[in-house]
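Single-structure report; data block below.
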Amino acid sequence: LEALSLDTLSLNTVSLNTVSALSPFSGDSSQVPSVPAGADVEPGLVVAVLDTDFAAGHQDLAGVLLPGYDFIEDRVFDPLAPDRQLAASDHGTMVASIIAAPDDAHGIRGVAPGVRILPVRIVPDDGQGTADDMAAGIHWALDPGADLINVSIRPTPNSEPGRRALQPPSRLRFPVVA
C-alpha cells in the first residue's frame, strides 16, 4: 500500500442529515429504498462498513455483525464483547442498520436484510478521521472477505490521498460505495 499523508476526513453533514431523517434513530424509514420483501439476498454476502463505532447491542444489528477491526483503538472489534454493546457515536450503527437490519418485528427493515456486516471503525467519536485509516480499513476489509465496502464519509475537498484510498481494489466482487 502506498503511503498516504494524514489529510483529515470530515463526515459529510449534508449526507448525514439526509440519511439521519431516514435512520432507525429517527423512526421514519419509509423513504429508504430496499430489496423487495421476500427477495433473495445472496447468502453469505459481506458488506464492510467503514465508519464510526458500532453498537453491537442495538436491536437492528443482532446477529448481523461479524468480528471486525477498530483502527481508532487498534484492536479487534468483537461484537460479543461487553464494551461493544453501546457506542458513543451512532453513525456507524445507523449505517449498518440501514443496510442489513433483519426483516423482523423490531426496529427497521434494512435495504438488504440477510447480508452480514463487517464493522471497521475508521472515524473517532469526534467525527474526524484520516485518509490513512480509510485506506487501511479498505484494504483490511478484503482479507476477511468483504464483497462490498461502504464508506459513508468523504475526503476533505481536493484530498488526493482520500481519493486514492477510494480506488476500488480489484479483489472486490462489488464496488466501494462512498
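Numerical summary
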| read-out | value |
| --- | --- |
| Top-ranked residue of segment 120-135 - restricted to ones that are open to solvent by less than 40 Å² (accessible area, probe 1.4 Å) and part of a strand (DSSP E or B), ranked as nearest to residue 63 (Cα to Cα) | 120 |
| Single match in 98, 138, 72, 117 (criterion: within 28 Å of residue 160 (Cβ to Cβ) and either in a helix (DSSP H, G or I) or open to solvent by less than 10 Å² (accessible area, probe 1.4 Å) (or both)) | 138 |
| Enumeration of residues in segment 76-95 that are open to solvent by 30 Å² or more (accessible area, probe 1.4 Å) and over 20 Å from residue 45 (Cα atoms) | 76, 80, 82, 83, 85, 86, 88, 90 |
| Residues that are part of a loop (DSSP other than H, G, I, E, B) and either open to solvent by 10 Å² or more (accessible area, probe 1.4 Å) or polar (S, T, N, Q) (or both), drawn from segment 101-114 | 102, 103, 104, 105, 106, 107, 108, 109, 111, 112, 114 |
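The values are calculated or read from the model by the stated rules, or taken from the named source; none is laboratory data. Fair warning: this is a prediction, and the values are worked out from it, not measured in the lab. Positions of Cβ are backbone-derived with ideal geometry, glycine not excepted, and every protein chain shown enters the neighbour counts. What goes into the accessible areas is simple: the full protein's heavy atoms, side chains included, and nothing from ligands, DNA or RNA. Shrake-Rupley method; radii C 1.70, N 1.55, O 1.52, S 1.80 Å.
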